[in-house]
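The values are calculated or read from the model by the stated rules, or taken from the named source; none is laboratory data. Please read all numbers here as calculations on a predicted model, not as lab measurements. All Cβ positions, even for glycine, are placed from backbone atoms using ideal geometry, and neighbour counts span all protein chains on display. Surface accessibility is based on the protein's heavy atoms, side chains included, excluding ligands, DNA and RNA. Shrake-Rupley method; radii C 1.70, N 1.55, O 1.52, S 1.80 Å.
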Amino acid sequence: QVQLVESGGGLVQAGGSLRLSCAASGRTFSSYAMGWFRQVSGKEREFVGAISWSGGSTHYADSVKGRFTISRDNAKNTVYLQMNSLKPEDTAVYYCAAANGILPVVAGGYDYWGQGTQVTVSA
């Protein structure tokens, strides 16, 4: 069992940066791949990026590639999403998730989810 709690969301101007954190409970955190998703009300949850259990592999959606970076600190049971050059279209609720699989890119591939944190980017 893994419990996830996101933090770091907020309001930022276009072009600005935010860093989201996802703190995990459970001794097996380091064995899970971790993903970030986002969702706008009325739309499906969208894959943002994922990182392997070791941190050695990452994968990003084309829409955020080059702007967002995922990292993890297994000693702190935390995964991060550094978001730079933010755009109004990045506005969404951001969720972190844990998976037993290898870098799943669909929501169904993840076993545990956080409650989400709101990111709002103003024009």
Round to the nearest 0.05 the FRET efficiency obtained for Ser71 and Ala123 when R0 = 22 Å and r is the Cβ-Cβ distance.
-> 0.20
Would you tell me the accessible area of Arg38, worked out with a 1.4 angstrom probe on the heavy atoms of the protein chains, in Å² to the nearest 10?
-> 20
Once the other residues with Cβ under 14 Å from the Cβ of Lys65 are scored (Lys, Arg +1; Asp, Glu -1), what is the net sum?
-> -1
How much area per residue is accessible in the chain when the probe is 1.4 Å and only protein heavy atoms are counted (Å²)?
-> 50
Mean separation of Cα contacts under 8 Å, 6 or more apart, over the residue count of the chain: relative contact order % = 36
Tell me, what % of the accessible area of segment 16-123 is carbon and sulfur with a 1.4 angstrom probe?
-> 49
Can you pull the one-decimal nm distance between simple spin-label points at Glu46 and Val106, each 7 Å off the Cα toward Cβ?
-> 1.9
Would you mind computing Rg(Cα) / (2.2 N^0.38 Å) for the chain, counting N as its residues?
-> 0.97
Rounded to the nearest 0.05, what FRET efficiency do Ser30 and Ser7 have when you use their Cβ-Cβ distance and R0 = 25 Å?
-> 0.80
